[in-house]
Structures are given as C-alpha cells and as structure tokens.
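Shown next, in structure tokens, is the structure this report addresses.
The values are calculated or read from the model by the stated rules, or taken from the named source; none is laboratory data. Source: prediction; values computed, not measured. Positions of Cβ are generated from backbone atoms using ideal geometry, with glycine treated the same way; all protein chains shown enter the neighbour counts.
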Amino acid sequence: MRVSRKIAVTLAGAAVLAQAAACSSDEPAAGKQPQAAAEGTTPAETPSPEPTHPFTGLPGAVRRPVLAAKIENTSAGKPQLGLRSADIVYVEQVEAGLTRLMAIFSSKLPPKIGPVRSARISDLHILPQFGKPALAYSGVQTKMIPKVQQASLVDVSDSRAPGAYFRQPGRYAPYNLFAEPRKLLAQAPGVSKAKDIGFTFGDAPEDGTPRKSFSVRYPAARFTFTWSDSAKKWLVWQDGKKDMAAEGGQLGAPTIVVQYAKTERSEFHDLNQSYTPLVHSTGTGRAVVLRDGQAFKARWSRESERDGTVFTTENGEPMNFAPGQVWVVLAAPKPVIP
C-alpha cells in the first residue's frame with residue numbers, strides 16, 4: 001500500500017508540472033515581447049518626419065519673422081558681416097553692371113549685419129512671395145519712395161528704425177552702416193513669418209553633370225562657384241578673389257541657383273545717369289541648380305508676385321535643393337550650361 005501511494009503521489013506531481021509547463025509556454029519569457037499574431041494585429045506606426053524650415057530644408061518647426069536686408073557687394077564694403085547666418089542670399093544686378101545682395105534671415109539671426117545699403121526696384125518685386133517681410137536698407141531714390149510705401153513690406157530702414165543702426169569703426173561711409181537684426185524686428189509690427197516659397201529639398205535628380213566650378217558674369221562683376229567636397233559647399237569667388245566673411249572663412253552654400261530672368265532698364269537711374277536694371281522675377285525661365293558637385297538643368301516659374309518660385313527638372317519633377325543656405329543668382333538669360 002505504501003508503494004502504490006508513493007506512485008500515485010509521484011504521478012500526480014508530474015501531471016501538475018506538465019500542466020504548469022503547458023501554461024507557461026503561452027507566456028513570453030521575462031524581458032521579451034510577445035510576437036504579433038498572424039491575424040488582427042496592427043503594425044507599429046512609422047514615426048512622422050521631423051518638420052523642416054521652408055527656406056533651408058533643415059530641421060525646425062518654429063516659424064519666425066522674416067527680415068530682408070540690402071547688403072553692399074563691392075570690394076569697398078567687404079568683408080560683409082552676417083551673411084553666413086542668412087537662409088537665402090539673392091544676387092541682383094544694379095547700376096554700372098555691378099551687383100548688390102539681398103539677404104533673407106528667419107531661422108536664425110546674427111548679432112550684426114552689414115554694410116547696409118540702399119534698396120532697388122527689383123527688391124519690391126521679389127519680396128511679396130515672403131508675405132510682408134521687414135526690409136532693412138539705407139535710402140532709395142526719391143522717385144521710388146511712393147513705391148516702397150505701397151510695397152508688401154515693413155520698412156525698417158535707417159530713417160524708420162535709427163536705433164537699430166550704428167557706424168562700424170574702421171570702415172568709411174557709406175560702407176560703415178551696420179544694423180542689429182533683433183532690434184530691427186522689434187520695430188517691425190505685423191511682419192510675416194516664414195512660409196512656403198516654392199523651394200523643395202531632398203535627394204538630387206539622377207541627370208546631373210559633374211562640375212568643379214561654374215561662373216556667372218555681369219557687365220562689371222563675375223562670380224565663380226567652386227565645389228568643395230570636404231565642406232560639401234559651393235565656395236564663392238568674386239572677381240577672381242575668395243569671397244570671405246567678416247566672421248572668418250569663405251562664403252559658400254550647399255545649393256546655388258542661377259536663375260536666368262529677363263533684365264531690362266527701369267525708369268530709375270543714379271546721379272551719373274546710369275540706369276537701374278529691373279529683373280523680372282515672375283513668369284517662367286531657365287535655371288541651373290548647383291548641388292553635390294553637379295549642375296542640373298532646371299526650369300523656374302512664378303505665377304504672380306505673391307506666389308513662390310517653383311523650380312523643376314526638365315522632366316517636370318521637383319528640383320530638390322540640398323538642405324542648408326541657398327544662393328539665388330539672378331542673371332540675364334544665356335545658355336543654361338556653357
């Protein structure tokens with residue numbers, strides 16, 4: 001009897017252990033996640049991409065006010081201060097075949113910018129795509145004052161916001177007028193914040209032409225952009241010299257857009273009777289986009305002054321820019337890739 005009772009107890013214990021093992025096999029091991037069932041399981045959602053800035057394509061969801069500034073671009077005003085912090089830099093032809101810059105700031109503001117110079121009629125046609133940006137400048141021709149007053153912008157010139165400007169020691173007039181962007185925007189009520197202006201950023205198309213340099217010539221100025229593989233930028237040369245920043249280093253950007261636009265004589269001229277060019281930045285035209293050490297044939301279109309400028313490939317696909325600062329070089333029409 002004792003033997004049979006021991007056998008019974010042993011068999012009963014084995015049965016309990018077997019049942020426990022069977023139950024435990026349905027549970028995940030410690031520290032492990034259960035596998036998804038074949039049916040009725042929702043896969044994990046793909047995280048949404050981080051928002052990017054519409055002017056640069058760099059990460060950043062914050063949309064800050066837009067400040068445009070007219071910057072001197074002759075040897076007398078160099079090196080310029082603050083350009084390295086700009087989101088976009090426009091190159092425009094002015095009197096006597098020279099050029100002047102219009103820098104667009106929004107995602108970040110440098111402490112100081114300059115030399116600040118006078119505005120031109122082409123500026124008033126470029127700026128409406130930004131909404132109502134603030135414009136920093138130093139004077140305009142008398143005939144142009146009514147047009148500035150009617151333009152889609154907030155006037156923060158040296159006459160409207162004098163407290164934001166100062167004379168930089170070591171430079172001579174008129175190339176010594178500088179400004180503090182934060183003070184400028186503090187005196188710009190109703191200024192627009194950054195928004196979509198037509199730029200797209202992402203992978204480059206597959207039909208680029210490898211280039212080490214690309215030049216754009218104006219009647220009295222010449223730009224050459226050379227690709228730096230180490231810096232991943234197109235470095236800027238002007239009139240055969242490196243275009244240096246006052247903060248140090250050579251100016252450059254991941255994307256250079258050479259936008260060929262109709263350019264004609266405007267109604268305005270300087271004291272020497274040299275007429276101001278008017279760049280037509282609406283309509284359609286050809287362009288060359290430089291990025292990643294390659295040149296891409298492109299097209300641009302802008303339906304109205306309040307619309308952004310859209311760049312596409314020759315096949316009609318979006319012409320993506322490389323994330324980072326963008327230079328838009330407005331030039332008279334010529335063969336796209338010489």
Requested in this report: Restrict the check to the stretch 274-281 and report whether at least one residue is under 19 Å from Ala103 (Cα atoms) and surrounded by fewer than 18 Cβ atoms within 10 Å (Cβ to Cβ).
Outcome: yes
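Each row is one residue, and each column tells you yes or no for (1) farther than 20 Å from Leu83 by Cα; (2) out of contact with any helix residue (DSSP H, G or I) (no Cβ under 6 Å at 6 or more places or on another chain); (3) at pLDDT 95 or above.
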| site | (1), (2), (3) |
| --- | --- |
| Pro169 | no, yes, yes |
| Phe178 | no, yes, yes |
| Lys183 | no, no, yes |
| Gln187 | yes, yes, yes |
| Asp203 | yes, yes, yes |
| Ser215 | yes, yes, yes |
| Thr224 | no, yes, yes |
Query raised in the report: Looking at (1) more than 27 Å from Gly202 (Cα to Cα); (2) surrounded by fewer than 24 Cβ atoms within 10 Å (Cβ to Cβ); (3) among the charged types (D, E, K, R); (4) touching a residue at least 40 places away in the same chain (Cβ under 8 Å), which is the one condition that is false for Arg84?
Result: (1)
Query raised in the report: Which residue, of Arg100, Arg117, is under 19 Å from the mean Cα position of the chain (by Cα) and surrounded by fewer than 24 Cβ atoms within 10 Å (Cβ to Cβ)?
Result: Arg100
Query raised in the report: Quick one: what pairs do we get from the stretch 39-56, first residue assigned by TED's automatic domain parsing to the domain that holds Val326 and farther than 29 Å from Phe311 by Cβ, second modelled with pLDDT of 80 or more and hydrophobic (A, V, I, L, M, F, W, C), C-beta under 6 Å, 6+ apart or different chains?
Result: none
Query raised in the report: Which number in (1) in contact with a Phe, Trp or Tyr (Cβ under 9 Å, 6 or more places away or on another chain); (2) within 21 Å of Val288 (Cβ to Cβ); (3) crowded, with 19+ Cβ neighbours inside 10 Å marks the one condition that Tyr218 misses?
Result: (1)
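Here's the yes/no breakdown for (1) buried (at least 16 other Cβ atoms within 10 Å of the Cβ); (2) without any contact (Cβ under 8 Å) to a residue 24 or more places away in the chain; (3) in contact with a Ser or Thr (Cβ under 6 Å, 6 or more places away or on another chain):
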site: Arg291; (1), (2), (3): yes, no, yes
site: Arg306; (1), (2), (3): no, no, no
site: Thr313; (1), (2), (3): yes, no, no
site: Gly316; (1), (2), (3): no, yes, no
site: Met319; (1), (2), (3): yes, no, yes
site: Ala322; (1), (2), (3): yes, no, yes
site: Gln325; (1), (2), (3): yes, no, no
site: Val328; (1), (2), (3): yes, no, no
site: Pro333; (1), (2), (3): no, no, no
